[in-house]
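*Asks:* Take this structure first; my questions come after.
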Amino acid sequence: MPTFVATSAALGRAVYSVWRQGSGAMAYEAQALWAHDSSSGQVRVFEANSLGIAETHIGGFDGSGALVLALRSSSKNEIVQRRVFQWSGDTLRMKAEFYSNGRPTNHAVTFVRR
(Lines give C-alpha, C1' and ligand atoms only; values in the text may rest on other atoms or scores of the structure.)
Protein backbone atom coordinates (compact mmCIF):
# COMPACT_ATOMS: atom_id res chain seq x y z
CA MET A 1 0.00 0.00 0.00
CA PRO A 2 1.48 3.40 -0.94
CA THR A 3 2.29 5.88 1.82
CA PHE A 4 2.64 9.65 1.63
CA VAL A 5 4.18 11.51 4.59
CA ALA A 6 4.50 15.29 4.60
CA THR A 7 6.08 17.53 7.23
CA SER A 8 6.75 21.23 7.58
CA ALA A 9 10.20 22.40 6.44
CA ALA A 10 12.24 25.61 6.08
CA LEU A 11 10.71 27.21 9.19
CA GLY A 12 7.18 26.58 7.88
CA ARG A 13 7.84 28.08 4.45
CA ALA A 14 7.88 24.74 2.61
CA VAL A 15 6.74 21.13 2.92
CA TYR A 16 8.96 18.06 2.70
CA SER A 17 7.29 14.82 1.59
CA VAL A 18 8.15 11.19 1.02
CA TRP A 19 6.07 8.89 -1.22
CA ARG A 20 6.71 5.14 -0.93
CA GLN A 21 5.13 2.24 -2.76
CA GLY A 22 5.96 -1.37 -3.48
CA SER A 23 8.58 -3.53 -1.82
CA GLY A 24 11.71 -5.43 -2.66
CA ALA A 25 12.75 -5.10 -6.30
CA MET A 26 9.50 -3.21 -7.01
CA ALA A 27 10.06 -0.55 -4.32
CA TYR A 28 9.80 3.10 -5.34
CA GLU A 29 10.42 6.21 -3.27
CA ALA A 30 10.17 9.90 -4.13
CA GLN A 31 11.31 12.71 -1.84
CA ALA A 32 10.06 16.20 -2.58
CA LEU A 33 10.30 19.78 -1.37
CA TRP A 34 7.09 21.79 -2.00
CA ALA A 35 7.04 25.60 -1.98
CA HIS A 36 4.31 28.17 -2.70
CA ASP A 37 5.03 31.70 -3.92
CA SER A 38 2.16 33.77 -2.50
CA SER A 39 2.82 36.74 -4.79
CA SER A 40 2.60 34.74 -8.05
CA GLY A 41 0.42 31.89 -6.74
CA GLN A 42 2.86 29.42 -8.25
CA VAL A 43 3.69 26.10 -6.59
CA ARG A 44 7.03 24.44 -7.31
CA VAL A 45 7.86 20.89 -6.30
CA PHE A 46 11.43 19.63 -6.57
CA GLU A 47 11.37 15.83 -6.54
CA ALA A 48 14.15 13.24 -6.48
CA ASN A 49 13.26 9.56 -6.73
CA SER A 50 14.77 6.12 -6.32
CA LEU A 51 15.08 5.79 -10.10
CA GLY A 52 17.80 8.45 -10.01
CA ILE A 53 15.60 11.16 -11.54
CA ALA A 54 15.38 14.70 -10.16
CA GLU A 55 12.88 17.15 -11.65
CA THR A 56 10.77 20.21 -10.88
CA HIS A 57 6.98 20.19 -11.21
CA ILE A 58 5.32 23.61 -11.58
CA GLY A 59 1.70 24.63 -11.16
CA GLY A 60 -0.84 26.21 -8.89
CA PHE A 61 -4.34 26.01 -7.46
CA ASP A 62 -7.30 26.02 -9.85
CA GLY A 63 -10.72 27.58 -9.24
CA SER A 64 -11.97 24.52 -7.35
CA GLY A 65 -9.02 24.54 -4.94
CA ALA A 66 -7.26 21.56 -6.55
CA LEU A 67 -3.49 21.72 -6.93
CA VAL A 68 -2.51 21.11 -10.57
CA LEU A 69 1.17 20.38 -11.27
CA ALA A 70 2.87 19.82 -14.60
CA LEU A 71 6.28 18.47 -15.52
CA ARG A 72 7.59 19.61 -18.89
CA SER A 73 10.28 18.05 -21.05
CA SER A 74 13.50 20.01 -21.23
CA SER A 75 13.87 19.39 -24.96
CA LYS A 76 10.47 20.45 -26.33
CA ASN A 77 8.79 22.03 -23.28
CA GLU A 78 5.90 19.56 -23.68
CA ILE A 79 3.92 18.32 -20.70
CA VAL A 80 5.16 14.81 -19.88
CA GLN A 81 3.36 14.48 -16.57
CA ARG A 82 0.31 16.15 -15.05
CA ARG A 83 -0.89 15.63 -11.48
CA VAL A 84 -4.06 16.90 -9.80
CA PHE A 85 -4.34 16.86 -6.00
CA GLN A 86 -7.72 17.37 -4.33
CA TRP A 87 -8.41 17.51 -0.60
CA SER A 88 -11.69 16.73 1.14
CA GLY A 89 -11.46 16.71 4.94
CA ASP A 90 -8.83 14.09 5.81
CA THR A 91 -8.78 12.59 2.30
CA LEU A 92 -6.23 13.44 -0.40
CA ARG A 93 -6.89 12.22 -3.95
CA MET A 94 -4.19 12.34 -6.58
CA LYS A 95 -4.78 11.71 -10.27
CA ALA A 96 -1.84 11.64 -12.64
CA GLU A 97 -1.30 11.37 -16.36
CA PHE A 98 2.09 10.26 -17.65
CA TYR A 99 2.61 10.94 -21.35
CA SER A 100 4.71 8.74 -23.60
CA ASN A 101 4.66 9.09 -27.38
CA GLY A 102 1.70 11.45 -27.05
CA ARG A 103 -0.41 8.91 -25.18
CA PRO A 104 -1.41 9.25 -21.53
CA THR A 105 -1.18 6.54 -18.90
CA ASN A 106 -3.50 7.28 -15.99
CA HIS A 107 -2.70 6.65 -12.35
CA ALA A 108 -4.80 7.48 -9.28
CA VAL A 109 -4.42 7.04 -5.53
CA THR A 110 -6.43 8.08 -2.47
CA PHE A 111 -4.88 8.70 0.96
CA VAL A 112 -6.66 9.12 4.27
CA ARG A 113 -4.93 11.02 7.08
CA ARG A 114 -4.18 8.97 10.19
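The values are calculated or read from the model by the stated rules, or taken from the named source; none is laboratory data. Source: prediction; values computed, not measured. Don't worry about glycine lacking a Cβ; one is built from the backbone with ideal geometry, like all the others, and counts go over all protein chains shown. These area figures cover heavy atoms from the full protein model, side chains too; ligands, DNA and RNA do not enter into them. Shrake-Rupley method; radii C 1.70, N 1.55, O 1.52, S 1.80 Å.
*Asks:* What number, in percent, do you get for the relative contact order of segment 52-113 if the mean sequence gap of Cα pairs under 8 Å and at least 6 apart is divided by its residue count?
*Replies:* Working: 107 pairs, mean separation 13.0, N = 62.
21 percent.
*Asks:* Now, a different point. Let's see if you can work this out: charge +1 on each Lys and Arg Cβ, -1 on each Asp and Glu Cβ, no other charges. What is the dipole magnitude of segment 1-91 about its Cα centre, in debye to the nearest 20?
*Replies:* On the way: 7 positive and 7 negative charges, 24 e Å.
It works out to roughly 120 debye.
*Asks:* Write down the accessible area per residue of segment 42-114 in Å², having rolled a 1.4 Å probe over the full set of protein chains.
*Replies:* Details: 4970 Å² over 73 residues.
Spelled out: the 1.4 Å probe surface of segment 42-114, per residue, equals 68 Å².
*Asks:* Over the chain, what is the mean sequence separation of C-alpha contacts under 8 Å (at least six apart), divided by residue count, expressed as relative contact order in percent?
*Replies:* Numbers: 226 pairs, mean separation 14.2, N = 114.
Taking the mean separation of contacting Cα pairs over the length of the chain, I get 12 percent.
*Asks:* Another question, if that's okay. Take the chain, connect every pair of alpha-carbon atoms lying under 10 Å apart with a spring to form a Gaussian network, then pick out the residue of Val68, Val45, Val15 with the largest mean-square fluctuation.
*Replies:* In this elastic network of the chain, the residue with the biggest mean-square fluctuation among Val68, Val45, Val15 is Val15.
*Asks:* Also, quick follow-up: So what is the diffusion coefficient of the chain in µm² per second by Stokes-Einstein at 10 °C and 1.306 mPa s, using a Kirkwood Rh over Cα pairs? All intermediate terms of the calculation are to be shown ahead of the outcome.
*Replies:* Numbers: Rh = 15.1 Å.
Reported coefficient: 105 µm²/s.
*Asks:* Check each of the trypsin sites (Lys or Arg not before Pro) in segment 1-101 and keep only those in coil by DSSP with at most 16 other C-beta atoms within 10 angstrom; list them in order. Mind dumping the intermediate values first?
*Replies:* Working: sites: Arg13, Arg20, Arg44, Arg72, Lys76, Arg82, Arg83, Arg93, Lys95; in loops: Arg13, Lys76.
Loop-located and lightly packed - Arg13, Lys76.
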